[in-house]
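Notes follow the structure.
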Amino acid sequence: MAVGAVERMSEAEARADWARIAEEVRRANRAYHAEDAPEISDADYDALKARLRALEARFPDLAAESPTEEVGAAPSETFAKVTHAVRMLSLENAFSEEDAADFVERVRSFLNLAAEAELAVTAEPKIDGLSLSLRYEKGWLVQAATRGDGAVGENVTDNARTIADIPARLSGAPDLLEVRGEVYMSHADFAALNARQAAAGEKTFANPRNAAAGSLRQLDAGITAARPLRFFAYSWGALSEPLAVTQIGAVERLAALGFQTNPRTRVCRSLPEMMVAYREIEQARATLGYDIDGVVYKIDNLALQARLGFRSTTPRWAIAHKFPAELAWTQLEAIDIQVGRTGALSPVARLKPVTVGGVVVSNATLHNEDYIAGRDAKGSPIREGKDIRVGDWVQVYRAGDVIPKIADVDLSQRPEGAEPYFFPHRCPECGSDAVREEGDAVRRCTGGLICPAQAVEKLKHFVSRGAFDIEGLGAKQIEMFFADDQLPIREPADIFTLAARDAANLTKLKNRDGFGERSAANLFAAIEDRRAIPLNRVIFALGIRHVGESAANLLARNYGTWEAFEAAMTGAQVGEGPDWQALTAIDGVGDVLAASVVNAFHQEAERASIDRLVAQLKIAEVARPVTEGSPVAGKTVVFTGTLEKMTRAEAKARAEALGAKVAGSVSAKTDLLVAGPGAGSKAKEAERLGVETIDEDAWLRLIGG
Ligand code: IVH
């Protein structure tokens, strides 16, 4: 209908028309911005907006609620990135009382505490929401950021300001205070929200955690404001002055500043007291009115927390004791095989849908062929040796957000004629042999990059969050481009030639696959934006087996530049030579990881694909961790003999935090030997090589106590 036709409509018709079109524009806005999945062409979108404006020109009161000025009007909107001043870490998990006891033991031994010395530990509910860091400067809330990958999160300040539990201003707070805690939604609010969403024909949420995350991560803070989110404070990041000397004292201080803190937080003075706290919180779980999935224990004394420090992603001073998983019985309808990016064939159970802990489950992992057959990796029986067959009744369980698993099978209900499952020896995707190496539980496709499943999974990994993280190019779009004959993406390098190929092609992207001119241009810009990228992300993105984000960071920090890394991996031979030794000398790089990286660089097709990619990029150097002013940064240190002021583990952790490399044996590369009483062959070797040797006190003086 032409815009002019608006004038001939009755008022009622015009208003009804406006409401219908406004809803269409809102849906298009959401699809485009929030779901990265445009549903209509740019031309259609613009026509809808023109029509809305024409109607609003006639009835100006409609303009106040118009979606024309919402997210869709500012196409570049996504959340800005925030680099956390102090990394936001996750927690190690304990699944049993034994694991919790091990935690206490590890802490005691790290700190070398005498058996009779008391160790106070706080216990508090582990809230099942999403963590948020709130930065206050001179008492004013200036920034709120999600955890993201721990180092970089999303700026959700406007949204956080709409949450009643989050004070906009604090009085009596340190000049700089980053308060950390969990955003969550109560059961009652979740049920009411889902009812409203369903009534409005909008998507409903699977559980309160998803609802909380979806509500906080809204580009329109007005939507967040309409969602009933809450916040518990339990931790902190950067501070201009300490909050207290104990964890419980710090939590009390946060409460005094006006934050909600969990009323079930308490101090325990022994392992039995921790177990009592665990059971009490577990019993209260059903009546709390919000989801929790375990109990978090934290060493109470903050000076001890500081001594304990962190591993790469978790603190040594805390652990999450998870509640047992939730269970349900259902029927196994089929077993499908998925092929992963490293060729692993993973069996997936397709289940008759069943509700487990409030979530509908229709898929579960079956791990590997031994698991289906009823035995573990060593050949010993599991589930008393019962195998799993299609048609069986199986017990499903899920713990937290992880993929559901199958725990048991009910033989009394096995259908007649059910056959044992034969695990394929050929890749279902490319037909290559699927082989199982000795000692490996997993059968792998040998097709490498010729296997479309491996290639596509590698690409999905390549664009994933810790890797290239290209806006508008997620798993769904990768599948689409992988199957596209006119403008295909079959390997990472193809992503960076996409715009040039599009320019040379008659069948333009903008006319296909739901892409309009604007969305195609945005995609090309997002890709261009990632052409310059830090080394650690490139290494992680390659998707080499065993190389996760933290290993990629280690390698990047160690080699600094792509040129140095590439030369070392090309020169290295598995098991021998100086490049191999330098690689395996990196703390945290074992032989298996090292061999996997070296092999990737020596595998012809894979190497050629890496080279094609690198030719497209500008890879930025990665600096060693900031250890400015550290007298031992970059030095290789060896500890030997008995240390009296701290344990070997603590000495190593502190040296590494100061930028030193801690080696297990003395060589020509050693800069310093720290020798306690009883030092033997290492001290002699150091003397022979002329390596400087000092005692523990001198070491402590050197690093500042
Ligand atoms: S302490 C340095 N305390 O659990 C670690 N975390 O699985 C600081 N969480 O990322 C975290 N309740 O989002 C802590 N009472 C609690 C918690 C809690 C929930 C979340 C948090 C963390 C995740 C780790």
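Please name all residue pairs, on different chains or six or more residues apart, with Cβ atoms under 7 Å, provided the first residue is in segment 289-317 and is under 23 Å from Asn210 (Cβ atoms) and part of a strand (DSSP E or B) and the second residue is at pLDDT 95 or above and more than 8 Å from the ligand (Cβ to nearest atom).
Once the first residue is under 23 Å from Asn210 (Cβ atoms) and part of a strand (DSSP E or B) and sits in segment 289-317, its partners that are at pLDDT 95 or above and more than 8 Å from the ligand (Cβ to nearest atom) give Gly294/His321; Val295/Ala123; Val295/Ala277; Val295/Tyr278; Val295/Ile281; Val295/His321.
Suppose we filter segment 600-621 for residues that are under 14 Å from Trp562 (Cβ atoms) and polar (S, T, N, Q); how many remain?
Counting residues in segment 600-621 that are under 14 Å from Trp562 (Cβ atoms) and polar (S, T, N, Q) gives 1.
Please find, among Asp189, Asp158, the residue that is open to solvent by less than 50 Å² (accessible area, probe 1.4 Å), more than 16 Å from the ligand (Cβ to nearest atom) and acidic (Asp, Glu).
Of Asp189, Asp158, the one residue that is open to solvent by less than 50 Å² (accessible area, probe 1.4 Å), more than 16 Å from the ligand (Cβ to nearest atom) and acidic (Asp, Glu) is Asp189.
Any idea which of (1) touching a strand residue (DSSP E or B) at 6+ places or on another chain (Cβ under 9 Å); (2) more than 20 Å from Ala160 (Cα to Cα) is the one Leu229 doesn't satisfy?
Single failed check for Leu229: (2).
Return the residues of segment 321-347 that are buried (at least 21 other Cβ atoms within 10 Å of the Cβ) and within 16 Å of the ligand (Cβ to nearest atom); say none if nothing qualifies.
His321
Could you please let me know if Phe565 is touching a residue at least 60 places away in the same chain (Cβ under 8 Å) and under 23 Å from Val614 (Cα atoms)?
No, not satisfied.
Taking segment 82-99 as the search range and keeping residues that are under 23 Å from Ser240 (Cα atoms) and not polar (S, T, N, Q), which one is nearest to the ligand (Cβ to nearest atom)?
Residue satisfying both the conditions and the ranking: Leu89.
Please work out which one of (1) in contact (Cβ under 8 Å) with a residue 24 or more places away in the chain; (2) outside any strand (DSSP E or B); (3) not β-branched (Val, Ile, Thr) is the condition Lys378 fails and give its number.
So the condition that Lys378 fails would be (1).
Find the residue count for segment 114-142, including only residues that are of a type in the set (Gly, Ala, Ser), farther than 21 Å from Ile281 by Cα and either crowded, with 20+ Cβ neighbours inside 10 Å or near the ligand (Cβ under 7 Å from one of its atoms) (or both).
Final tally of qualifying residues: 1.
Out of segment 574-586, which residues are open to solvent by 50 Å² or more (accessible area, probe 1.4 Å) and either in contact with a strand residue (DSSP E or B) (Cβ under 6 Å, 6 or more places away or on another chain) or assigned to a helix (DSSP H, G or I) (or both)?
Listed by number, the residues that qualify are Pro578, Asp579, Gln581.
Within segment 384-403, restricting attention to residues that are at pLDDT below 90 and surrounded by 14 or more Cβ atoms within 10 Å (Cβ to Cβ), which residue is farthest from the chain's Cα centre (by Cα)?
Out of the qualifying residues, it is Tyr397.
In this structure, does Val251 turn out to be among the β-branched types (Val, Ile, Thr), at pLDDT 95 or above, within 15 Å of the ligand (Cβ to nearest atom) and under 30 Å from Ala649 (Cα atoms)?
Spelling it out, Val251 is indeed among the β-branched types (Val, Ile, Thr), at pLDDT 95 or above, within 15 Å of the ligand (Cβ to nearest atom) and under 30 Å from Ala649 (Cα atoms).
Could you name every one of the strands (runs of 3 or more DSSP E) located completely within segment 645-705 that has at least 1 residues being more than 18 Å from Arg307 (Cβ to Cβ) and at pLDDT 90 or above?
Here the list reads 672-675, 692-694.
When you scan segment 108-218 for strands (runs of 3 or more DSSP E) that lie fully inside it, which ones turn up with 3 or more residues that are in contact with a Leu (Cβ under 9 Å, 6 or more places away or on another chain)?
121-127, 130-137, 140-146, 176-184
May I ask you to verify whether Glu56 is modelled with pLDDT of 70 or more, on the phi < 0 side of the Ramachandran plot, assigned to a helix (DSSP H, G or I) and open to solvent by 50 Å² or more (accessible area, probe 1.4 Å)?
For Glu56, the condition - modelled with pLDDT of 70 or more, on the phi < 0 side of the Ramachandran plot, assigned to a helix (DSSP H, G or I) and open to solvent by 50 Å² or more (accessible area, probe 1.4 Å) - is not met.
Checking Phe601 against (1) under 30 Å from Ala532 (Cβ atoms); (2) surrounded by 15 or more Cβ atoms within 10 Å (Cβ to Cβ); (3) touching a residue at least 60 places away in the same chain (Cβ under 8 Å), which single condition isn't satisfied?
Failing condition for Phe601: (3).
What number of residues in segment 254-277 are within 16 Å of the ligand (Cβ to nearest atom) and assigned to a loop (DSSP other than H, G, I, E, B)?
Residues of segment 254-277 that are within 16 Å of the ligand (Cβ to nearest atom), as a first pass: 254-255, 259-268, 274, 277.
Adding the requirement that they be assigned to a loop (DSSP other than H, G, I, E, B) leaves 259-265.
Of the residues in segment 254-277, 7 are within 16 Å of the ligand (Cβ to nearest atom) and assigned to a loop (DSSP other than H, G, I, E, B).
Residues that are open to solvent by less than 40 Å² (accessible area, probe 1.4 Å) and under 30 Å from Phe423 (Cα atoms): list the helices (runs of 4 or more DSSP H) wholly contained in segment 440-550 that include at least 1 such residues.
Answer list for segment 440-550: 452-462, 475-483.
The values are calculated or read from the model by the stated rules, or taken from the named source; none is laboratory data. All of these numbers come straight from a predicted model, not from anything done at the bench. Cβ: placed from backbone, ideal geometry, glycine included. Neighbour counts: every protein chain shown. Surface areas here come from the heavy atoms of the whole protein model, side chains and all, with no ligands, DNA or RNA. Shrake-Rupley method; radii C 1.70, N 1.55, O 1.52, S 1.80 Å.
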